[in-house]
Amino acid sequence: MSATPLLELRGIDKSFGPVQVLRNVDFAVYPGEVTALVGDNGAGKSTLVKCISGIYPTDGGQFFFEGQPVTVNGPRDAAGLGIEVVYQDLALCDNLDIVQNMFLGREKRNGIVLDEATMEQLAGETLAGLSVRTVKSLRQHVSSLSGGQRQTVAIAKAVLWNSKLVILDEPTAALGVAQTAQVLELVRRLADRGLAVVLISHNMNDVFAVSDRIAALYLGRMAAQVKASEINHSQIVELITAGRSGDLGLPPENGAENGAEQAVTVTPGAPQ
Amino acid sequence: MSAPTTSPAPQQTIAAPTRTVGEHVRDYVARLRGGDLGALPAILGLLVLCTVFSIVRPAFFSAGNFANLFTQGAAVTLIAMGLVFVLLLGEIDLSAGFASGVCAAVLAVLVTLQGLPWYVALLAAIATGTLIGFVLGFLVAKIGIPSFVVTLAAFLAFQGIVLLLIKGGTNISVRDEALVAIANRNLPTALGWALAAVGVGGYAAVQLLRHRNRSRRGLATDPTGVVLFRIAAVAVIAGVAVYILNLERSINTLISSLKGVPIVVPIIVALLVVWTFVLQRTAYGRHVYAVGGNKEAARRAGINVDRIRISVFVICSSMAAVGGIVAASRGNSVDANTGGSNVLLYAVGAAVIGGTSLFGGKGRVLDAILGGAVVAVIDNGMGLMDASSGVKFTVTGSVLLLAAGVDALSRRRAAATGNR
Ligand SMILES: Nc1ncnc2c1ncn2[C@@H]1O[C@H](COP(=O)(O)OP(=O)(O)OP(=O)(O)O)[C@@H](O)[C@H]1O
Ligand SMILES: [Mg+2]
C-alpha cells in the first residue's frame, strides 16, 4: 500500500534492570493496513506496545512518525500524535454509560457544564461510522453489555479522537466465535478507513483473516516483518517458535543458540 | 475479508429518538427488576412510616411536628450529603460526626469566647472542616492508609479535640442572633412562597430547555409527558410543603406567631442543587463516579485519582462543618456530645437508606435527603410514642441493616442480570 510508514521504530532497546526485553527492534506500521504483532508469551509484544504508547521509556532507538523523528515521553505525547491503545483489560467503568465511558477524562464542556448533547451525538456518529448496530441505547450502562460490545465501545473510544494509529492488545482473547468475528470485522474496517492498526494476537487464524503485514517477535528481537500474502501458516509458527524459517528470520547464531545466550545474560553468575 | 470502504453513515440511529410513555414505564420496571431500585425503598418506607405514625399518634400529622421534622433532621442530612461523596468512591468517613462537633466547637469558641462577628466564626468553622477533610484525604490517598482506619482514628481524636476546645465538661452557649436563626427562625410566609416559585420555575426551565435542546438535535429524549409529570411532581411537593409550613403553629397566637418555612430548609435545598449540579453536570462529578466505578480505568483516562480521593474527603468534612453549625444553632450551645452519639450512624444510615451504595460508584446527593427524612421520621415518631432511647436505637439500627441488605441484594441481583 503506501510507501512511508505512519510509525517507524528503529533499533529500539529496552531492559528491565539486568533483563534485556527488547533488542534492536525495528518495526513499521503503515496507514490503511492491519499489522499483526505476534510472538510467544514473554517475547516482548506488550512491552513494545508500552514503549510506543509512552508508558515505558526506551533505552535506545529512534521513533519516526509520518517520516519525522519524534520523542514520546509519556501517554499524553502518544495521544497527541494520534496513538490510542486498547488494553487487554479494557479499562471501562461499569457504572457509567457508553457515552460517558467514551469521553472519560476528555469530556466536552460548555464553560464548566458538561456538553452531554454534543458528546452523545459524536459517540453515536462514531459508532455508526464503525457500522456498530448491536447496542440498543447510547445511555446503556457498560455493565449491561456483552464482552464483544464492550470491546466495541473500547475500540470506538480509541477512534473517537481522530486517532491515526490504534493498537489492540489481544482484543479477542476472551471472546466467543461470533463476537470475535464481529471485532475482527471492526478491526478491518478501521484499516479500510485509512487508520493504521496494530493487532496483537496468539490466534493465527485471526491474524491471517485480517492482517496485511505480520511482524514476529522472538525473544525480544524482531524476527521478521513481512506481507501476510508472502508467508504461510507454518512459516509464521516457525518464526514464533524458532525465530527463523528458511531464509526468513534471524540469521543462525554461531554455536550457542539464542536462548542459551539469553540465559547467560539473565543469570550472569552461573554459566556452565 | 476486506470490506468495501464504508464512508461514515450520516447519523445512523442507535436509539429511537422519541420514546413513548409506555416504553419509559417499561424501561423503569425493567430497571427495578434488574436490581436498580434507586430511591424507591426510601420513598415507600417514608410513606409507610408516616401512615403508621399518623394512625398511632395523630399529633405526628400536625403542622408543628412537620416543621420539627426539618429542624431535627437537618444536621444529620447535611452530614449525609457530604458522606455521599466519600461513599461514591467506596470509602467511608467514620469521623464525620465528630468533625462536625469540632467545627461547631470552633464556631462557639470564636463567637462566644472571642467575641468575633458571627460570619467570621462561621467561615472559620467551615474552613476547619475543609482542613480536616484535606488531612484525612491526604492520609488515605497519598500515604495509603485505608479510610476506615484513618477515620476511626480521627473519630477518637476529634472527640478529644472537642473536649479540649470546650475545656472539659462545660458547654459553650451560642447566643448570636444570626447563628441561632439558622435552625430556629422561619422565613416570612411570602418569601417562602417566592423561593418555592423560583425553585420550581428554575427546575421547569432546566428540564424543558434540555428536552428541547435534545429533541432538536435528534437525540433520544424522555417523553414530553414524563418531563411534564416530573415538573408537576416537584411543584406539588414544594407547594404542599410551603403551604403546611406557612400554617400557624403557635398554640396561642396572642402571645406569639409561629409560622413560615424554617431558614434551614432553603439552605439544604440550595446545597442539594449545588452538589447535584457538581455531580451530574461537571467533569469533576463524572470523574468521581469513574473513580468509584473503576479506579484503574479512571487513571488510564488521565484522571488524577489521588486528587479526586482527597477532594471527596474535603467536601465531606466541609459539609460536616455545615451540619455542626446547624446543630450548634439548634441547640443554642456546643457540648462534648455535639456530633457524637448516634449522629454519624444516622448520617451513614441516611445515605444508604436513600439508595447510595456502600460499594461505591452509585449514589446521589438527593439520597441523603430522602434517607435523612426516613431517619428523622423514625426518630421523631418514636419520640412521640414515648419510646425509650433503647428502642429508638434498636429500630434505627435495624432499618440501617435493612437498607444495607437491600443494597447488597440489589447489587447481587444486578450482577446476575448483567446490570453491573
Ligand atoms: N515491568 C517489568 N519488569 C521486569 N520485567 C518485565 C516487565 N514487563 C515485562 N517484563 C519481562 O519482559 C518480557 C516480555 O514481556 P511482555 O509482557 O512484553 O511479553 P508479551 O510478548 O506481551 O507476552 P504475552 O503474549 O504473554 O502477553 C517477559 O520476560 C517479562 O517477564
Ligand atoms: Mg502481552
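How big is the charge dipole of the stretch B:186-261 about its Cα centre, in debye rounded to the nearest 20, if each Lys and Arg gets +1 on its Cβ and each Asp and Glu gets -1 on its Cβ? It would help to have the intermediate numbers written out before the result.
Values: 8 positive and 2 negative charges, 91 e Å.
Rounded to the nearest 20 debye, it is 440 debye.
Nearest 100 Å² is fine: what is the total accessible surface buried where chains A and B meet, probe 1.4 Å?
Values: alone 12980 and 21370 Å², together 30930 Å².
About 3400 Å² of accessible surface is lost on pairing.
What the phi angles of the stretch B:153-158 give under the Karplus curve with 6.51, -1.76 and 1.60, with θ = phi - 60°, is a coupling list of 4, 5, 3, 6, 5, 5 Hz, glycine and proline written as x.
Counting heavy atoms of the protein chains alone, B:I143 has an accessible area of about 100 Å² for a 1.4 Å probe.
Over the stretch B:87-132, the reciprocal of the mean inverse Cα-Cα separation, the Kirkwood hydrodynamic radius, stands at 11.3 Å. Equivalent-ellipsoid semi-axes for the stretch B:314-366 (Cα gyration tensor, √(5λ), whole Å, largest first): 24, 12, 9. Globularity index of chain B is 1.05 (Cα radius of gyration / 2.2 N^0.38 Å, N = number of residues).
If you wrap the Cα atoms of the stretch B:18-157 in a convex hull and average its projected area over all directions, you get 14.8 nm².
Loop-located trypsin sites (Lys or Arg not before Pro) across the stretch B:161-262 with a Cβ neighbour count of 15 or fewer within 10 Å are B:K167, B:R175, B:R185, B:R217, with loop assigned by DSSP. Annotation for the stretch A:66-144 versus the stretch B:161-206: alpha-carbon center distance of 44 Å.
What the Cα atoms of chain A give is an Rg and a Dmax of 19.8, 68 Å.
Given the convex hull over the Cα atoms of the stretch A:108-213, what projected area results after averaging over all orientations, in nm²?
That works out to 7.3 nm².
Counting only other chains, what is the mean number of Cβ atoms within 10 angstrom of the Cβ of each residue in peptide B:209-218? Intermediate results must be reported in sequence, preceding the final value.
On the way: counts 0, 2, 0, 0, 2, 4, 0, 1, 4, 3.
Counting Cβ atoms of other protein chains within 10 Å of each residue's Cβ and averaging gives 2.
Taking amide H as placed 1.01 Å from N in the peptide plane, A:V70 has its amide H under 5 Å from the amide H of A:F63, A:F64, A:F65, each at least 5 places away in sequence or on another chain.
Label positions at B:A241 and A:N41, each projected 7 Å from the Cα along the C-beta direction, are separated by 6.0 nm.
Projected over every direction and averaged, the convex hull enclosing the alpha-carbon atoms of the stretch A:67-113 yields 5.5 nm².
Put simply, the C-alpha atoms of the stretch B:186-261 give a gyration tensor, and the ellipsoid matching it has half-axes of 38, 11, 5 Å, longest first.
For the residues of B:279-289, the average number of beta carbons from a partner chain within 10 Å of their own beta carbon is 4.
Taking Cα pairs under 8 Å and at least six residues apart, what relative contact order does the stretch A:91-162 come out at, in percent?
On the way: 65 pairs, mean separation 32.1, N = 72.
45 percent.
Shape of the stretch B:135-247 from the C-alpha gyration tensor: oblate (a/c of 1.5 or more and a/b not above b/c, with a ≥ b ≥ c the square roots of its eigenvalues). Here the scattering of the stretch B:243-288 is modelled by Debye summation over its C-alpha atoms, one equal scatterer each and no solvent; at q = 0.14, 0.24 Å⁻¹ the log10 of I(q)/I(0) is -0.53, -0.82. Taking max minus min of the alpha-carbon positions on each principal axis, the stretch A:91-162 gives extents of 35, 25, 20 Å, largest first.
Projecting the Cα positions of A:G105, A:V21, A:G44 onto the charge dipole of chain A (unit charges on Cβ atoms of Lys, Arg, Asp and Glu, taken about the Cα centre) puts A:G105 furthest along the positive direction. When A:D115, A:D77 are compared by accessible surface with a 1.4 Å probe, the order from highest to lowest is A:D77, A:D115. Applying 1/(1 + (r/R0)^6) with r as the Cβ-Cβ distance of B:S250 and B:L40 and R0 = 30 angstrom yields a FRET efficiency of 0.20.
Using the 2.2 N^0.38 Å rule of thumb for compact globular proteins, work out how the protein assembly as shown stacks up: its C-alpha Rg over that value, please. Each step should come with its number before you reach the end.
Working: Rg = 31.0 Å, N = 692, 2.2 N^0.38 = 26.4 Å.
Against the compact-globule rule of thumb, the ratio is 1.17.
Residues within the reach of a label modelled at B:A181 (point 7 angstrom out along Cα to beta-carbon, backbone nitrogen below 19 Å), restricted to the stretch B:50-78, are B:71. Once both labels are positioned 7 Å from their Cα atoms along Cα-to-Cβ, the gap between B:T276 and B:S173 label points is 4.0 nm. Relative to the longest principal axis of the Cα atoms of chain A, the long axis of helix A:177-192 lies at roughly 90 degrees.
In plain terms, the chain from B:R216 to B:V48 could stretch by 56.3 nm, reckoned as 0.36 nm per residue minus the Cα-Cα distance.
Remark: the stretch A:91-162 carries 32 Å² of accessible area per residue (probe radius 1.4 Å; ligands, DNA and RNA excluded). When all C-alpha to C-alpha distances in the stretch B:260-326 are sorted into bins of 10 Å, what percent of pairs does each bin hold, rounded to whole numbers? So the P(r) values, bin by bin, are 18, 42, 26, 11, 2, 0. Computed from the Cα positions only, the extents of the stretch B:159-317 along the three principal axes stand at 61, 49, 18 Å, in decreasing order. Across the stretch B:136-196, the volume of the C-alpha convex hull divided among the residues equals 163 Å³ per residue. The H on the amide N of A:L217, modeled in the peptide plane, is under 5 Å from the matching H of A:V38, A:G39, A:A223, each at least 5 residues off or on a different chain. Between the stretch A:32-54 and the stretch B:332-406, how many Å separate their Cα centres? Between the Cα centres of the stretch A:32-54 and the stretch B:332-406 lies a distance of 54 Å. Accessible area per residue was computed with a 1.4 Å probe on protein heavy atoms; A:L248 scores about 50 Å².
Just by accessible area at a 1.4 angstrom probe, what is the order of B:D36, A:D169 from largest to smallest?
On the way: B:D36 65, A:D169 15 Å².
Result of the area sort, largest leading: B:D36, A:D169.
What number does the stretch A:18-167 give for Rg over Rh if you use C-alpha atoms and the Kirkwood radius?
Numbers: Rg = 17.3 Å, Rh = 17.2 Å.
My calculation of the ratio gives 1.01.
Peptide A:113-124 is shielded by partner chain Cβ atoms: per residue, an average of 4 of them sit within 10 Å of its Cβ.
The values are calculated or read from the model by the stated rules, or taken from the named source; none is laboratory data. Because the structure is predicted, anything quoted here is derived from the model rather than measured. Virtual Cβ from ideal backbone geometry, glycine too; neighbours counted across all protein chains shown. Protein only, heavy atoms only, side chains kept; ligands, DNA and RNA dropped before computing areas. Shrake-Rupley method; radii C 1.70, N 1.55, O 1.52, S 1.80 Å.
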